[in-house]
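*Asks:* Just dropping this structure here.
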Amino acid sequence: MHKKDKSGVDMEAAYREYAELVYRFLYSHTHDADWSQELMQETFLRAVDSIARYDGSCKLSVWLCQIAKHLLWQDLRRRKRMDFAELPEELPDTSGADGETSVIRGERTQELYRAIHLLPELEREVVLYRMTGELSFRQIGEILGKSENWSRTVFYRAKQKIRKELEKYEL
């Protein structure tokens, strides 16, 4: 039997149920597995410390993702103050046939992310959650306080905008 606190939430069960969702949510923002894992763990530590304040006005998964987003923004602000000492000294090897392919792929990826960046904030979040966080439309809707159908519609419309933007780069 799992221990529940005053709020009635079993945090061990919550961790088993939502850790992957929180990780994907964070990964959709960071694109860094280790950083996402670290923030996910910190999210659950903070949740345990503040579970008494969880009032049930939103789904537990949404509350956890709100904590995760807050921690991410805090960490980003802290990292911005760091100097450039953490930048890698060497660029990846792009020589040879594989290098050319890698450069082309990199350029296309940059164009894609440039197009995504031009989207309005909510559309951009839906696309990034779906593409990089691999979240379901239901999960995206829950995180953003919207319906699954809303998430699908926003994603479809955003894809259309991205396609239009990418056509500008085609020869």
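*Asks:* Roll a 1.4 Å probe over the protein heavy atoms and report the accessible area of residue 153 in Å², nearest 10.
*Replies:* Per-residue accessible area (residue 153): approximately 60 Å².
*Asks:* Further question: For residue 67, what accessible surface area do you get with a 1.4 Å probe? Give it in Å², rounded to 10.
*Replies:* Number for this one is 30 Å².
*Asks:* Just to make sure I understand: if all protein chains stay in place, what is the order of 148, 17 by accessible area at 1.4 Å, largest first? Present the calculation step by step, with values, prior to reporting the outcome.
*Replies:* On the way: 148 75, 17 125 Å².
Highest to lowest solvent-accessible surface, that is 17, 148.
*Asks:* Whenever you get a sec, line up 35, 150 from highest to lowest accessible area (probe 1.4 Å, protein heavy atoms). Walk me through the numbers before you get to the answer.
*Replies:* On the way: 35 30, 150 65 Å².
So the residues, ranked largest to smallest area, are 150, 35.
The values are calculated or read from the model by the stated rules, or taken from the named source; none is laboratory data. Bear in mind that the values here come from a model prediction, so they are computed numbers and not experimental data. In case anyone asks, the SASA skips ligands and DNA or RNA and just uses the protein heavy atoms, side chains included. Shrake-Rupley method; radii C 1.70, N 1.55, O 1.52, S 1.80 Å.
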